[in-house]
1. Looking at Ala347, Ala318, which is the one that is aliphatic (A, V, I, L, M), over 12 Å from the mean Cα position of the chain (by Cα) and at negative phi?
2. If I ask for residues that are of a type in the set (Asp, Glu) and at pLDDT 90 or above, which ones from the range 510-540 would you list?
3. State whether one or more residues within the range 268-288 are out of contact with any Cys (no Cβ under 6 Å at 6 or more places or on another chain), outside any helix (DSSP H, G or I) and either hydrophobic (A, V, I, L, M, F, W, C) or in the same structural domain as Asn333 (by TED's automatic domain parsing) (or both).
4. Thr62 passes all but one of (1) in contact with a Phe, Trp or Tyr (Cβ under 6 Å, 6 or more places away or on another chain); (2) of a type in the set (Val, Ile, Thr); (3) part of a helix (DSSP H, G or I); which number fails?
5. Determine which member of the set Thr222, Thr218 is touching a residue at least 24 places away in the same chain (Cβ under 8 Å), assigned to a helix (DSSP H, G or I) and within 15 Å of the ligand (Cβ to nearest atom).
6. Only one of (1) buried (at least 21 other Cβ atoms within 10 Å of the Cβ); (2) over 22 Å from Leu243 (Cα atoms) is not met by Ala282, so which one is it?
7. Do you know which residues across the range 234-267 are surrounded by fewer than 18 Cβ atoms within 10 Å (Cβ to Cβ) and either assigned to a strand (DSSP E or B) or of a type in the set (Asp, Glu) (or both)?
8. Any idea how many residues of the range 18-39 are of a type in the set (D, E, K, R) and touching a residue at least 24 places away in the same chain (Cβ under 8 Å)?
Amino acid sequence: MILKSGVNKSRAWKKLERHCKKMKKLHMRELFEKDNNRASKFSIQLESLLFDYSKNRITEKTMAYLIDLAKSRGLEDKIKAMFSGERINITENRAVLHTALRNRANTPVYVDGENVMVKINEVLAKMRKFSEAVRFGEFKGHTGKKLTNIVNIGIGGSDLGPKMAVEALKKYKAKDINTYFISNIDGTACAEVLNKIDPETTLFIVASKTFTTVETLTNAKTCRKWLVDALGEHAVSKHFVALSTNTQKVKEFGIDPENMFEFWDFVGGRYSMWSAIGLSIAIAVGMDNFEKMLDGAYAMDMHFLHTDFAHNIPVILALLGIWNSNFFGLRSNALVPYDQYLSLIPAYMQQLEMESNGKFVSMGNDFIKYNTGTVLFGGPGTDVQHSFFQMLHQGTTPIPVDFIIPAISHNEIGEHHEILVSNVLAQGEALMRGKTVKEAAAELAAKGKSKEEVNFLKKFKSFPGNNPSNTIVFKKIDPYALGMLVAMYEHKVFVQGVIWDIDSFDQFGVELGKEMATNILPELQGNAAEGRHDSSTSALIGYIRRLRK
Ligand code: F6P
């Protein structure tokens with residue numbers, strides 16, 4: 001039977017709760033000491049990608065119970081429903097088909113009887129034609145110059161994906177193309193980019209699914225004015241393109257629909273970098289590389305769709321997240337890529353996870369009584385070892401970590417990469433093993449500390465360990481590996497949403513603040529009488545108005 005809500009009341013959940021009580025008494029050190037095969041037992045390889053999840057507080061029984069939980073939620077059918085174009089986004093009555101965007105086998109996918117692959121392929125072809133024309137200087141600016149500054153104007157999913165991917169694939173970028181991203185409504189974001197570029201050689205890509213997002217439209221208007229002031233109104237068609245689902249709004253903004261690259265409402269914003277939203281990636285690294293990224297994502301899609309749960313990387317990744325969060329009560333996760341090119345991956349995944357699964361109403365329309373999405377934060381290693389890692393090692397609550405590391409660097413200089421790799425491996429081991437008070441005391445004594453010093457310092461120098469982590473290793477960060485990695489996390493988020501019984505594809509939570517900002521704006525500008533606010537907000541409006549006079 002598939003439960004519609006109240007997953008925490010299910011037999012599978014209760015079994016896990018009882019099992020967790022026993023697991024809480026075990027330390028991972030003991031689990032490793034008892035079983036030499038633990039690493040191979042709890043790791044999965046897909047092509048060059050290795051997913052090692054052995055450093056979790058799990059046994060074979062845990063995994064069997066977690067898989068039972070997934071099955072009891074009807075996960076298999078839900079996965080098929082997503083891939084086949086069913087309207088699984090129930091609050092917006094939409095299909096969820098980012099997988100169709102990278103359906104490299106080109107098998108038909110139907111929405112309302114229409115094979116969406118036809119229009120997906122048309123847009124991919126249009127992206128290839130345009131990106132190559134820009135890269136090879138055939139599509140020129142108004143004054144005949146090559147367009148070498150590409151400015152993506154977008155926010156959220158219309159910014160984070162392209163920005164992250166262009167950074168991750170920097171080694172593949174055309175040398176003569178500079179890519180910029182303007183997202184924040186803060187005028188500084190616009191000003192800083194406009195100060196660096198020349199209108200004659202700049203292409204603005206206005207990326208907005210809805211074409212109504214205030215930040216994007218405000219930034220786009222500012223950039224349009226800047227361009228028109230320099231080159232005149234006729235220059236717009238050579239310097240502005242739009243990526244959107246909303247042709248009407250694109251027209252109203254003053255961009256010719258000929259210069260628009262379409263996508264569709266079955267592509268969620270935070271799942272959109274595979275669509276026309278990826279145009280800046282295609283221009284920066286070339287359409288062949290963009291398609292290799294789609295190939296990598298497709299390989300992960302096929303693995304997710306066709307592999308039994310016990311060997312299915314996204315499914316296991318999701319279940320471990322639920323195990324740590326709902327059963328051990330660990331409400332945050334760190335994502336730490338040990339690769340400078342992946343430095344923007346945590347910000348990207350933050351939107352993916354927190355916007356998708358930060359929900360409190362079930363698919364059955366009830367307020368949920370268990371925890372759903374967790375906090376995700378992170379940054380590149382080794383930098384973050386010198387910031388938040390102290391808390392991972394000696395804080396009062398464990399924080400599960402995903403470590404990501406390529407075996408080979410694009411910049412093999414001296415010993416840099418080996419030092420980097422030794423650090424990521426050491427962190428995982430240290431977080432798992434820890435150091436007992438006894439071990440700390442013995443070390444201090446061996447260093448010649450007095451008995452008093454040893455007694456005083458031994459607790460400060462101890463580490464609880466038993467902190468869960470996953471390690472994801474692949475050969476090298478290339479377009480294909482990036483595609484695999486991102487698709488892996490997308491599917492993790494989907495599986496968790498299914499188990500928590502939430503709609504992972506809407507984002508109503510971003511609306512209330514937006515509405516209130518719309519009301520506050522005229523009050524701040526002195527164009528409207530002050531509305532009804534709490535005393536704190538009223539006082540802040542007054543104070544800022546006085547400072548701005
Ligand atoms: O923050 C809400 C949100 O709708 C995101 O989901 C989306 O990625 C972002 O705003 C941008 O939306 P749009 O592409 O429609 O401008």
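The values are calculated or read from the model by the stated rules, or taken from the named source; none is laboratory data. Remember, it's a predicted structure, so these values are computed and weren't measured experimentally. Don't worry about glycine lacking a Cβ; one is built from the backbone with ideal geometry, like all the others, and counts go over all protein chains shown.
1. Details: Ala347 fails: over 12 Å from the mean Cα position of the chain (by Cα).
None of the other options fit; the residue is Ala318.
2. Start the filter on the range 510-540 by keeping residues that are of a type in the set (Asp, Glu), which leaves 511, 515, 523, 530, 534.
Once the filter is applied, which keeps residues that are of a type in the set (Asp, Glu) and at pLDDT 90 or above, the range 510-540 yields Glu511, Glu515, Glu523, Asp534.
3. Initial filter on the range 268-288 (out of contact with any Cys (no Cβ under 6 Å at 6 or more places or on another chain)): 268-288.
Next cut, outside any helix (DSSP H, G or I) only: 268, 272-275, 286.
Next, only the ones that are either hydrophobic (A, V, I, L, M, F, W, C) or in the same structural domain as Asn333 (by TED's automatic domain parsing) (or both) stay: 273-274.
The answer is yes, given that some residue of the range 268-288 is out of contact with any Cys (no Cβ under 6 Å at 6 or more places or on another chain), outside any helix (DSSP H, G or I) and either hydrophobic (A, V, I, L, M, F, W, C) or in the same structural domain as Asn333 (by TED's automatic domain parsing) (or both).
4. Only one criterion in (1) in contact with a Phe, Trp or Tyr (Cβ under 6 Å, 6 or more places away or on another chain); (2) of a type in the set (Val, Ile, Thr); (3) part of a helix (DSSP H, G or I) is unmet by Thr62, namely (1).
5. Details: Thr222 fails: within 15 Å of the ligand (Cβ to nearest atom).
Of the residues listed, the single one that is touching a residue at least 24 places away in the same chain (Cβ under 8 Å), assigned to a helix (DSSP H, G or I) and within 15 Å of the ligand (Cβ to nearest atom) is Thr218.
6. Single failed check for Ala282: (2).
7. Glu252, Asp256, Glu258, Asp265
8. We begin by selecting, within the range 18-39, every residue of a type in the set (D, E, K, R); these are 18, 21-22, 24-25, 29-30, 33-35, 38.
Checking the rest, the ones that are also touching a residue at least 24 places away in the same chain (Cβ under 8 Å) come to 24, 29.
So the answer is 2.
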